[in-house]
Structures are given as C-alpha cells and as structure tokens.
C-alpha cells in the first residue's frame, strides 16, 4: 500500500485524517511533529506528506521538507488568509487545504496530485498500487499487500518496470525486446513469453487468467493496475 505521512499537532485532527486515509487503502505513518515527519521521509514507501505546521513557521517547515524530498506536500491549516497560502505554496507545497475540510475533498486532492506526478514523468514518486501488490519504481522493489517482498530476476524486473512505466498502454513486443534485451533479441519473442509466465506465477492471483499483465496476441503486452476493476 502507498504510505502517507500525517503530521498534525491536534490529536483529533491527526486521528481523523489518519483514519480516513486508512479506510481509503493507504498505509499511514503518523508524525508527532514536522521534524518527525522529515525523519519518516527516509522510508522508501512514503508517497506524500500531509502536514499542519504553525502558521508562523509554515513556510520554513515546508521549505525544510521540500529540501529533503520530492514527494507531494499538502499543507492543512486553520488560516484562511491568502498570503499564508501563497507563502507555503511558494515554499514548495503542492496543495493547501483550509480547516475544517471534508475528508472526501482531501482524498480527491491526493488522487489529483498523484495523477499529476505520473503525468509529469515523476512516476518513481508515487508507487503503483494494485489490489494484490505495489510496484516501487524508485527503489526497484515489488511488495505484496501483506508486506511480503517479491523476488524478481533482473530480466523479470526490467519487463515489469517497462510495462509499469507505460501502464494502461499497449507496449509492442519489439519495443519490449529492445528495451529489456537490446537489439540482438528483437527476433526472439519467446524471451517475453517465458519470462512473463514466471512474472504471472509470482504476481497474478490466477496466473492462467491474468488480471494485470495482459497479452494482445500478435501485438504486445499491457499492464493494467486496476486488475480489470472499474
């Protein structure tokens, strides 16, 4: 699951936000302070930070967090003054939510930020979450939703990585062969077939009826993180 750091001095607000995120399927790392939030950023699975710093220190706090990470930062605050919002956005925040805010709005803004991260080409920031596993492109890891790490060979990982970076799109066989094995393998489509069988055995709930790694006969492969769910 994608991890989100929540830092809020108000224990009730902190608990409310954390509970909403967990219900939405996120792993939550609760920080006691902005400094603690910065320490938690060392964990490779963190995909975003939601922080409520004091108004006076907000720009400094955000700038310090931004210096340590590229992951999206959402600032929540009771201040409704435009200049406070401008200050934290200029300091490096990706979004600003005035308290009180609705849980659904927070979740929608988080989803929007993750979409922008992908569109900007920063796919390594937001892990790719499926119902059965998570692909961490940043540190080349693949983890089941129960926390168990999946071992892939170098070639298997390169195939998953190439498909994951182009998720939702059909990737022709010749492009996969070129990206993973190089020019000498362009005429060896069997390389893909054998390794995809191993990948499906490790990742698909029903390898014989794949949900995530789909084949278009004679054309190529497509990675669908939704598993065919709407």
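The values are calculated or read from the model by the stated rules, or taken from the named source; none is laboratory data. Please read all numbers here as calculations on a predicted model, not as lab measurements. Glycine also receives a Cβ, built like all others from the backbone with ideal geometry; neighbour counts cover every protein chain displayed.
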- Residue hits (segment 167-186; surrounded by 15 or more Cβ atoms within 10 Å (Cβ to Cβ) and within 18 Å of residue 133 (Cβ to Cβ)) are 167
- Within segment 5-18, restricting to residues that are part of a helix (DSSP H, G or I), surrounded by 13 or more Cβ atoms within 10 Å (Cβ to Cβ) and free of Cβ contacts under 8 Å to residues at least 60 places away in the same chain, the one that is nearest to the chain's Cα centre (by Cα) is 18
- Residue count, segment 38-76 (criterion: surrounded by fewer than 17 Cβ atoms within 10 Å (Cβ to Cβ), in contact with a strand residue (DSSP E or B) (Cβ under 8 Å, 6 or more places away or on another chain) and at pLDDT 80 or above): 1
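Could you grab me the full set of residues in segment 19-37 that are in a helix (DSSP H, G or I) and either at pLDDT below 80 or at positive phi (or both)?
34, 35
So, in segment 80-104, how many residues would count as being in a loop (DSSP other than H, G, I, E, B) and closer than 16 Å to residue 51 by Cβ? Show your work before the answer.
Within segment 80-104, the first condition is being in a loop (DSSP other than H, G, I, E, B), and the residues that meet it are 80-81, 92-94, 99-102.
Narrowing further to those that are closer than 16 Å to residue 51 by Cβ: 92-94, 99, 101.
Qualifying residue count for the region: 5.
To keep it simple, each residue is scored yes or no on (1) modelled with pLDDT of 90 or more; (2) assigned to a loop (DSSP other than H, G, I, E, B); (3) over 28 Å from the mean Cα position of the chain (by Cα); (4) under 24 Å from residue 127 (Cα atoms).
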| site | (1), (2), (3), (4) |
| --- | --- |
| 175 | no, no, no, yes |
| 178 | no, no, no, no |
| 195 | yes, no, no, yes |
| 199 | yes, no, no, yes |
| 202 | yes, no, no, yes |
| 227 | no, yes, no, yes |
- Query: Restricting segment 116-135 to residues that are surrounded by 14 or more Cβ atoms within 10 Å (Cβ to Cβ) and modelled with pLDDT of 80 or more, which is nearest to residue 26 (Cα to Cα)?
  - Reply: 129
